[in-house]
1. Return a yes/no flag: does region 77-90 have any residue that is of a type in the set (Asp, Glu) and not in a helix (DSSP H, G or I).
2. Filter region 513-523 down to the residues that are surrounded by fewer than 24 Cβ atoms within 10 Å (Cβ to Cβ) and either under 20 Å from residue 83 (Cα atoms) or not charged (D, E, K, R) (or both) and list them by number.
3. What number of residues in region 175-195 are in contact with an Asp or Glu (Cβ under 7 Å, 6 or more places away or on another chain) and surrounded by fewer than 15 Cβ atoms within 10 Å (Cβ to Cβ)?
4. When you scan region 639-679, how many residues do you find that are modelled with pLDDT of 65 or more, of a type in the set (A, V, I, L, M, F, W, C) and either open to solvent by less than 30 Å² (accessible area, probe 1.4 Å) or out of contact with any Phe, Trp or Tyr (no Cβ under 8 Å at 6 or more places or on another chain) (or both)?
5. Give me the residue from region 79-119 that is charged (D, E, K, R) and within 24 Å of residue 596 (Cα to Cα) and, out of that set, modelled with the lowest pLDDT.
6. Among the candidates 229, 149, single out the residue that is more than 34 Å from the chain's Cα centre (by Cα), within 23 Å of residue 290 (Cα to Cα) and open to solvent by 10 Å² or more (accessible area, probe 1.4 Å).
7. Residue pairs, Cβ under 7 Å, 6 or more apart or interchain, first in region 484-510 and more than 23 Å from residue 471 (Cα to Cα) and in contact (Cβ under 8 Å) with a residue 40 or more places away in the chain, second assigned to a helix (DSSP H, G or I) and open to solvent by 40 Å² or more (accessible area, probe 1.4 Å). List them.
Amino acid sequence: MNEGSIAEGLTRTSKNAETERNTPMQRFLDSIRSFFSPARNLSPEQLQEIFRQRYRNFRNLLTANNNALELMAAMEERRDSGRPFGMAFVRGGCTALTANVYKMIKNLVELADGRYATLDGRFNAIAGRIDRTLGSRQHPAESDQPHILHFDEIDLGSIDQTGEKMAALGEIRNRLAIATPPGFVITAAAARSFMAASGLQDEINRRLKSLDENDLEDLYRVSAAVQKLISGAPLPEELDTRITRAYYRLAAESGGEIPVAMRSSALGEDGMQVSFAGQYRTQLDVHADLLGQTYKDILAGKYRSQAILYRQQRGFRHQDVTMCVGCLAMVDAEVSGILYTRESGERMAVHAVAGLASRAVDGSAPADLYLLCRKPPHDIVHTDVSARRGRDPAGEPMPLLDRGRLAELAGVAMRLEEHFGHPQDIEWSFDRTGKLYILQSRALDDTLLDAAGNTPPPLPAGLPPPLIARGITASRGAACGPVHKVRSSVDLLQFPRDAILVVPSPAPEYAVLVNRAAGIISETGQSAAHLATVAREFGVPALFNAAGACAVLDNGDLVTLDAGGRRVFAGRVEEILAAGRAKPDLMTGSPVHTILKETLRHITPLNLTDPASPFFSPAACQTLHDITRFCHEKAVQEMFDLGGRYGFDHRAAKQLVVDTPFQWWIINLDDGFADGVDPAGHFVDIAQIVSRPMLAIWQGMTALPWQGPPPVSLGGLGSIIFQSTMNPRLDPAVRSGMGGKNYFLISRNFCNLSVRLGYHFALAEANLGEYQTENYVSFQFKGGAADERRRFLRINLLAEILDRFDFRVETVRDTLTARLEKRPAEFLRSRLVALGYLLIHTRQIDMVMADGDSIDRYRRRITADLAKILPETALTEVLQ
């Protein structure tokens with residue numbers, strides 16, 4: 001059975017040894033056979049070749065294990081970081097991970113002469129589950145889905161067919177009896193039908209996979225090419241006929257042929273946290289003969305450059321977005337705008353422009369601002385009326401809205417908020433007869449808004465006078481960077497990362513730069529513009545309506561933008577930046593983030609923890625992490641048993657002769673013993689070890705005497721007892737691995753150490769060879785005796801120390817992974833000494849870690865001890 005495409009293409013291990021090879025009876029029979037095996041009559045050269053092959057298998061398995069654990073850590077880190085990532089990261093990580101896990105299985109099966117082949121089936125099952133999680137979501141059967149829905153058929157239950165924007169309009173029209181333009185929706189089923197008929201999706205996917213989203217020139221080139229493919233494809237005749245019929249039905253109801261506004265209404269658009277504001281296309285004044293072509297152009301708008309980047313930054317796959325299109329009768333608008341039902345407590349904000357609402361959202365027209373009380377009669381508490389349209393006979397700017405229209409608009413707005421259950425961002429128009437139409441209503445995250453109309457905070461004492469001290473806070477926060485003015489496409493393509501974007505007006509197409517910009521300054525616009533909405537979502541400070549900014553600021557000038565204070569300063573002003581707003585988490589809850597989280601459920605949980613348990617078996621492997629843990633443990637065991645199985649006694653493990661409370665066993669993989677070691681002996685002295693990495697670890701372990709377990713408080717002792725009783729794997733009937741042997745597997749330049757000291761488990765591995773590119777130190781640590789909080793404190797202390805020693809450190813709950821690579825052997829040797837010290841001297845300190853004082857105490861002691869045992873050159877930068 002094909003378990004999934006991730007597993008496809010990997011050569012399957014032979015099944016001839018798969019059945020029941022790892023049962024106790026079979027192992028006993030194998031041992032009897034091995035006693036009479038011809039292997040005992042093999043020549044030394046043949047035995048040496050067998051060992052060399054097994055050693056290669058073992059090293060390959062360890063390399064794949066390290067790769068797999070690093071990939072798991074990277075995927076978990078990205079899941080929790082809040083930083084953007086796309087499906088390419090998720091799929092690439094899963095592909096690389098499964099390849100490495102399969103390499104581990106293959107090498108273990110070869111190392112164990114065919115045993116453990118049942119792992120192949122467990123791997124296929126898990127890989128199949130991962131592949132299904134990564135697969136595209138299933139859409140409803142298209143045969144029973146309408147391609148056209150008229151507004152009298154639409155409400156919030158229609159979201160999957162019409163998109164949230166048009167579903168909300170239908171809800172407003174049909175449930176609340178509030179006026180909206182009449183019209184119809186070309187549904188998601190129609191869009192999928194068109195794409196299926198065109199046969200373009202595979203070609204589009206191919207082009208998108210090769211796209212470098214960090215290269216703006218490549219982004220624009222691919223975006224334009226994909227949009228051209230869609231716009232140029234023929235519209236299926238049946239769909240064309242349905243659109244035409246729907247239009248003429250609308251025209252008949254409106255008294256004759258009328259122009260329509262064709263508006264995007266994509267699935268996933270218009271959410272509270274993910275607005276897609278201005279990312280897609282709207283076309284106004286469309287006539288009957290252009291309906292089909294305009295429909296295709298709006299479908300193609302799914303792949304506009306800013307939309308591609310927005311989806312990637314917000315964690316949407318391209319297949320998560322299906323473009324529905326609303327066709328609405330044009331409103332002969334006299335005045336239009338945007339209303340936020342809640343801004344700064346009990347106020348609402350109304351932004352108004354003359355004519356069409358599009359002039360408000362693109363910031364191209366001067367806007368009035370009215371702040372109203374949310375409670376009836378909605379008194380006006382502040383106005384800011386643009387003087388650019390002229391003045392009345394008394395010399396005052398002429399407002400676009402009188403008190404009556406403001407009260408009507410406010411009343412409707414509060415009805416919408418009450419019906420939808422949260423603050424609303426509303427697009428509206430009054431036509432030339434004075435009738436109010438609602439054009440759009442979507443959820444508003446009012447926590448991102450600043451109080452419009454308020455006086456900016458006073459300038460902190462001691463700061464120089466600002467270059468600019470005017471404008472509107474479109475997105476609060478502070479930022480510093482070089483000025484880069486954008487007036488043309490060439491300026492846009494040359495925009496550097498972390499610069500301050502300065503523009504004449506906040507056009508929606510500048511959204512393509514939001515993820516690159518440190519901040520935004522626009523000479524015009526207001527806080528309801530689409531670019532302001534996107535800036536707030538991305539946590540990018542933005543100052544709009546800063547008249548004259550392009551003249552005052554020069555390209556390359558370093559400036560500090562204080563968007564909340566509505567000021568721009570020359571140079572870097574730390575006092576302003578210190579109060580800046582933290583970047584938001586753009587990914588959590590998004591489709592791609594959800595897929596990664598679900599995928600990791602099949603990857604990272606570790607269920608196999610005790611090798612002595614009868615449940616430590618291939619059949620118990622539920623995740624890829626389980627498989628890696630099983631393979632690593634059994635590989636060490638196989639190398640330990642290799643000498644006995646082949647009559648190769650001088651390769652068998654020898655006990656290290658030392659005066660310590662722990663047992664240490666050495667497996668000489670190649671040339672880790674000095675000349676003269678008795679091949680038949682069962683013991684070896686530390687003076688007979690020539691493995692450079694083992695000697696470095698041992699130096700750290702033994703340089704200072706361990707002071708024994710720390711005195712445990714009643715709370716610490718209680719946490720240990722509680723953890724023991726809550727661990728289902730600590731079965732008193734099963735011999736626990738916690739008191740087992742500790743293994744060094746060595747050669748002259750290589751060492752792999754498996755340590756079980758008390759309740760925790762650690763792995764250290766290093767190669768200190770001639771070639772710097774092959775050198776590395778890897779360390780993994782898990783577990784402890786105390787409760788979770790105390791274990792976390794110890795893990796964090798270890799992470800802090802290892803970070804100071806240049807390790808790349810990842811922590812996930814009470815598990816730590818650290819790695820250092822491609823450095824000179826002597827540099828890595830000093831780090832191994834520190835690791836050896838930490839292995840012994842951080843034992844059981846989790847039991848006494850109750851607060852910050854205990855952490856500081858152990859930090860000081862560890863620092864002082866390392867200063868004693870490490871050469872000064874290794875500490876110059878580390879312990880400052």
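The values are calculated or read from the model by the stated rules, or taken from the named source; none is laboratory data. Note that the structure is predicted; figures quoted are calculated from it, not measured. A quick note on method: Cβ atoms are made from the backbone with ideal geometry, for glycine too, and the neighbour counts reach across all protein chains shown. All accessible areas refer to the heavy atoms of the entire protein, side chains included, with ligands and DNA or RNA removed. Shrake-Rupley method; radii C 1.70, N 1.55, O 1.52, S 1.80 Å.
1. At the first step, the residues of region 77-90 found to be of a type in the set (Asp, Glu) are 77, 80.
Next, from what is left, pick out any that are not in a helix (DSSP H, G or I): none.
No.
2. Here is the first cut: in region 513-523, the residues surrounded by fewer than 24 Cβ atoms within 10 Å (Cβ to Cβ) are 513-516, 518, 523.
Result: 513, 514, 515, 516, 518.
3. 1
4. So the answer is 11.
5. Initial filter on region 79-119 (charged (D, E, K, R)): 79-80, 83, 91, 103, 106, 110, 113, 115.
Going one step further and asking which of them are within 24 Å of residue 596 (Cα to Cα), we end up with 79-80, 83, 91, 103.
On the way: 79: 88, 80: 85, 83: 77, 91: 83, 103: 93.
Here the answer is 83.
6. On the way: 229 fails: more than 34 Å from the chain's Cα centre (by Cα).
Step by step, each of 229, 149 is checked, and only 149 is more than 34 Å from the chain's Cα centre (by Cα), within 23 Å of residue 290 (Cα to Cα) and open to solvent by 10 Å² or more (accessible area, probe 1.4 Å).
7. The qualifying pairs are 493/217.
Residue-by-condition table, conditions (1) closer than 22 Å to residue 855 by Cα; (2) open to solvent by 30 Å² or more (accessible area, probe 1.4 Å); (3) aromatic (Phe, Trp, Tyr); (4) assigned to a strand (DSSP E or B):
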residue	(1), (2), (3), (4)
792	yes, yes, yes, no
795	yes, no, no, no
798	yes, no, no, no
802	yes, no, no, no
809	yes, yes, no, yes
818	yes, no, no, yes
828	no, no, no, no
832	no, no, no, no
